[in-house]
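Beneath this line is the structure, given in structure tokens, with notes to follow.
Please treat every number below as a calculation from the coordinates, not as lab data. Treat the numbers as computed from the prediction; the structure is a model and nothing was measured. For neighbour counting, all protein chains shown are included, and Cβ atoms are generated from backbone atoms with ideal geometry for every residue, glycine included.
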Amino acid sequence: MGAWGTGIFEDDASLDLLADAIESDAESFIRNSSSHFNEEYLEYDQCQEVIVSGVILDALLNKTTYRSSDKEFQEWIANQEIKELANLKESILKGLKVVISEKSELNELWQENEEEYYSWRKNIETLTANLGG
């Protein structure tokens, strides 16, 4: 899985996706992530896209900062348009709920680690709550 902790940016996949997002714009990245919710099961990478999209929305709408979100990310966030993003919040909230459900490969992988699972899940639940879910 490439994770060294339970935090949002404590794994290779989320950091890679964050770099991808920075090469694009927030709306395009989040719209792409929200297209996964019609699937019956979210694969690992799809789950990570939803989480990173949630972080981007949280940073833009609520000005939340995350440990490991670097200066480049903060500068990118400052330059993003937020007017259309509020419309995507419900889709991302739906996706975050799927991420911590039985329809998620990432959830299954974290459940294998009984010591860390609840800490990881709490991070996703906190992100969901920040977005109003």
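Think of the chain as a dipole: +1 on every Lys or Arg Cβ, -1 on every Asp or Glu Cβ, centred on the Cα centre; then among F73, N130, Y117, N130 lies furthest on the positive end.
Structure note, pairs K71/K122; K83/K103; K63/K122: Cα-Cα distances above 28 angstrom occur for K83/K103. Along the chain, the exposed loop sites are trypsin sites (Lys or Arg not before Pro) outside DSSP states H, G, I, E and B with at most 14 other Cβ atoms within 10 Å, and the longest stretch free of them is 1-62.
Could you tally the net charge around L17, taking each other residue with its Cβ under 9 Å from the Cβ of L17, Lys/Arg +1 and Asp/Glu -1?
Neighbour charge sum, excluding L17 itself: -4.
Name the chymotrypsin sites (Phe, Trp or Tyr not before Pro) in the stretch 1-79 that are in a loop by DSSP and that have at most 14 other C-beta atoms within 10 Å, would you?
When the chymotrypsin sites (Phe, Trp or Tyr not before Pro) of the stretch 1-79 are filtered for loop state and at most 14 Cβ neighbours within 10 Å, W4, Y41 remain.
Between D20 and E112, the contour length at 0.36 nm per residue exceeds the Cα-Cα span by 30.3 nm. Computed over the chain with a Gaussian network model linking Cα atoms closer than 10 Å, the most mobile of E43, E27, E75 is E75. Its DSSP H runs of at least 4 residues, each contributing -39,500 (n - 2.57), put the calculated 222 nm mean residue ellipticity of the chain at -18000 deg cm²/dmol, to the nearest 500.
Remind me, relative contact order of the chain in percent, using alpha carbon pairs under 8 angstrom and six or more residues apart? Walk me through the intermediate numbers first.
On the way: 146 pairs, mean separation 43.6, N = 133.
It rounds to 33 percent for the chain.
Only Cα sites of the chain enter the Debye sum here, all with the same form factor; the resulting log10 I(q)/I(0) across q = 0.10, 0.18, 0.20, 0.22 1/Å is -0.27, -0.94, -1.19, -1.46, listed in q order.
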